[in-house]
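Working notes, structure below.
The values are calculated or read from the model by the stated rules, or taken from the named source; none is laboratory data. These numbers come from a predicted model, not from an experiment. Glycine gets a Cβ as well: all are built from the backbone with ideal geometry, and neighbour counts include every protein chain shown. Calculation scope for accessible area: heavy atoms of the full protein, side chains included, ligands and nucleic acids excluded. Shrake-Rupley method; radii C 1.70, N 1.55, O 1.52, S 1.80 Å.
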Amino acid sequence: MPENTHGHPEPSYLEYQGKHKGLKAWIFSTDHKRIGLLYLYTILTFFGIGLLIGLLMKLELIAPGQTIMGPDTYNRFFTLHGVIMIFVVVIPGLPAVFGNFVMPIQIGAPDVAFPRLNLLSWWIYILGILLVLSSLLTGGGAPDTGWTFYAPYSFETGTNMLPAVLGAFTLGFSSILTGLNFIVTIHRMRAPGMSWFKMPLFPWALYGTGWIQLLATPVVGITLLMIVAERTLGIGFFDPDLGGDPILYQHLFWIYSHPAVYIMILPAMGAISEILPAFARKTIFGYRAIVISTLMIAFVGYFVWGHHMFTSGMSGTALYTFSLLTFIVAIPSAIKVFNWISTLHKASINVQTPFYWAISFIFVFMVGGLTGLILGSLATDVHVHDTAFVVGHFHYIVFGGTGFAFLGAMHYWFPKIYGRMYNARRANLGWLIFFIGFNALYSPMFYLGVAGMARRYYDYLPEFHSGNIISSIGAYVMATGLVIIVVNLILGARRGEKAEANPWGGKTLEWSVPSPPPLENFEKIPVVTREPYDYSA
Amino acid sequence: MHEHRDDTASKIGMWLFIFTEILLFGGLFIVYAVYRYRNPVAFHLAGEELNVIIGAINTVVLLVSSATIAMAITAMQQGKRRLSVRLLWVTILLAAVFMVNKYFEWGAKFEHGLYPGSDFLYSLSQGDVLFFGLYFAMTGLHALHIIVGAVFILFVIAYIRKGKVHETRWQLLENAGLYWHLVDLIWIFLFPLFYLIH
């Protein structure tokens, strides 16, 4: 660490010169802030690719019949879109980018507990991506099973399953190591005086997420390995011809993949809980209720996986139990929404771009959450199962929830990350177009699903045409908004105005250090005496 | 950057990693439980094909190896570095004995055509196919963990040589011990499930 002997400010983490130069100074850096940005750039790249695939699919669906691609290509496209968006973009998403960048500073630590393991996680993540991508170029080409890799088709298809499945396994391993690192960091490295209930809500969310990553991911890991064993060794784990049970695969898959939804949404909720008090300029309403609901979601989230399988064949008792638990897991999410809205009550709100994202997050999250209850009810689920309704619900929660929170967090922590400001008017315009496009894209799917349009087909009946036109146009409007947002952020990072240490008046510790922060974050580890959102002084 | 050392953190980290390993095997144990429940007779008869004596010997070998690595940790904490290294080598030797036994055991099964994908196995009942599929998958994954654990111990020996692990800094050694006990513990469950319950 450079000595601060001449009264010069310490160089920021962006300027700091280690033993490596250029690109190597980034890809071999163990600094949590640089690793966070490595994830950011990787995730944005693959988000762009996944988005492009999605746009092409929406173009195919703009009219009935074959428009630009046939059924085989469409099957591969929705599989790739799912695998990239879920395993490469949304699951690492907020934890790997903002968890890495912000969480250690928020708890008053110089870095995470295992900096080298942190870098290794990123390398394993890159390896997983390369494995997934290698399925495109080798063997039978991109897989066509859907991102769920359902048996028995996943070991019968002639497409290139092995690299995709092993890639997903590897990405899971990276996710486990990140979760492990964060749990230990939060246990061991909180600043003196920061008791558990003085910790900001974003680290709390990451703590809950870490446990899910740790305890759920290995189950899908072994399940994917069983698919590999099935394809290469002919062990009949899930093959009915050999005595195996395909439904058992679905159970094992969702035992992970439902909690994985909470890996996506909990950090998003954490980021929203940071943004709202900063712009409401008052303390968050019901801090402890939010903490407890975070832990409740993490816990109950393990026991609801069966609601993905209401039509697959389960005993009546299992159906009722899973349905009931699904309704129960909605309660802590609702508690959070009430707390966020109560935080805004009687606040003098500073309306800025991150606030727009946060408030629109609450809207899309509520739409996604309430339509989830329709899917959680046994009778209605049978009607809308495997229709466009599910696609609409899923994207409102996962893209609406995580995506809006991600972009909100991006606009909130941007000045801290780059030490510069973006153009607020362009950012607001981008948000508005994105928000309109998003709703136009996904809300017709609810109607289409109820009317009976099945998902995962390149074609549909003529009576579904009008809804699909709106949806496809919405997709391109949303993409336009996204281009404005990304260009604006890139311009801001390059030549925006210099940002102050605390442009929003935030009270958590990351706003007490310079923007961008120096290598080890704090000159002296702070002693915490106040609550995290204490706006009284 | 100054050196940051926190032994408790690395111990917690190891325990968390062990949780993930238990859940990894947990998936296979669930599959085993479901298929045993559905094919009780076939699993009963197929289980009798396994060699209880070799299985029992391997159980004893692993239990002793868990004892030797625990002794190696205590020896290191008492400053007896050479004794500690010797006990680690004994642990690795026992791991090798386990693998040699496994080799003969698996070899015999292959000779009888009892391996996944063989025409003979496919001619048997579905319960037999599942039993031997699970047998090879679970003991195979376990054997892989034996190899990983042994390599971990080799690294620790190298670190002791380099002086990076010593009597006041033995957390890495203890972590290797924790991992080795996990590998041992999984076998303690595999042995009765495949060899003993009829």
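Classification of the protein assembly as shown by its C-alpha gyration tensor yields an oblate form. The axis ratio a/c (a ≥ b ≥ c) is 1.5 or more, and b/c is at least a/b. In degrees from 0 to 90, rounded to the nearest 10, what is the angle of the helix A:201-233 Cα long axis to the longest principal axis of chain A? Here the helix axis deviates by roughly 40 degrees.
Using alpha carbons only, how many degrees (0 to 90, rounded to 10) separate the axis of helix A:424-451 from the longest principal axis of chain A? That helix lies at roughly 20 degrees to the long axis. Dividing the summed helix terms, -39500 (n - 2.57) for each DSSP H run of n ≥ 4, by the number of residues in chain B produces a 222 nm estimate of -28500 deg cm²/dmol to the nearest 500. Applying the criteria of a DSSP loop state and at most 16 other Cβ atoms within 10 Å to the trypsin sites (Lys or Arg not before Pro) of segment A:16-85 yields A:K19, A:K21.
Please report the carbon-and-sulfur percent of the accessible area for chain B; probe 1.4 Å, protein heavy atoms only, DNA, RNA and ligands left out. Carbon and sulfur atoms account for 69 percent of the accessible area of chain B. Dipole size of segment B:7-196 about its Cα centre, with +1 on Lys/Arg Cβ and -1 on Asp/Glu Cβ: approximately 940 debye, rounded to the nearest 20. Shown is the FRET efficiency for B:L83 and A:K524, computed with R0 = 41 Å from the Cβ-Cβ distance and rounded to the nearest 0.05: 0.40. Structure note, pairs A:K507/B:K11; A:K282/A:K416; A:K198/A:K507; A:K21/B:K164: Cα-Cα distances above 23 angstrom occur for A:K507/B:K11; A:K21/B:K164.
What lysines sit close enough to B:K162 to cross-link, taking a C-alpha to C-alpha distance under 17 Å and skipping anything fewer than 8 places away on the same chain? Partners found: B:K80.
Relative to the dominant Cα principal axis of chain A, helix A:287-300 is inclined by about 30°. Relative to the Cα centre, the charge distribution of chain A, modelled as +1 at Lys and Arg Cβ and -1 at Asp and Glu Cβ, gives a dipole magnitude of about 1660 debye. Mean-square fluctuations from a GNM of chain B, with a 10 angstrom spring cutoff on Cα atoms, peak among B:L23, B:L94, B:L130 at B:L23. Rounded to the nearest 500, the helix-only mean residue ellipticity at 222 nm of chain A stands at -21000 deg cm²/dmol, with each DSSP H run of n ≥ 4 adding -39,500 (n - 2.57). Modelled label positions at A:L136 and A:V487, each set 7 Å beyond Cα in the direction of Cβ, lie 2.5 nm from each other.
The mean sequence separation of alpha-carbon pairs under 8 Å and at least six residues apart, normalised by the residue count of segment A:407-537, gives a relative contact order of 38 percent. In this simple spin-label approximation, B:Y37 and A:Y535 carry label points 7 Å from Cα along the Cα→Cβ vector, and these lie 5.3 nm apart. Annotation: extensible slack from A:T45 through A:R281 equals 81.5 nm (criterion: 0.36 nm per residue apart, minus Cα-Cα distance). Please work out the C-alpha center-to-center distance from segment A:499-534 to segment A:34-93 and express it in whole Å. If you average the Cα positions of each part, the centres end up 37 Å apart. Once a ≥ b ≥ c are taken as the square roots of the eigenvalues of the Cα gyration tensor of segment B:7-196, is the result rounded (a/c under 1.5), prolate (a/b larger than b/c) or oblate (a/b not larger than b/c)? Here segment B:7-196 falls in the prolate category.
The Cα center of segment B:32-95 and the Cα center of segment B:4-20 differ in position by 23 Å. Mean partner shielding of peptide B:5-17, defined as the number of other chain Cβ atoms within 10 Å of each residue Cβ, is 5.
Helix screen, chain B: DSSP H segments with Cα axial length of 15 Å or more and mean Kyte-Doolittle hydropathy at least 0.0 are B:7-38, B:52-77, B:81-111, B:126-162, B:171-191.
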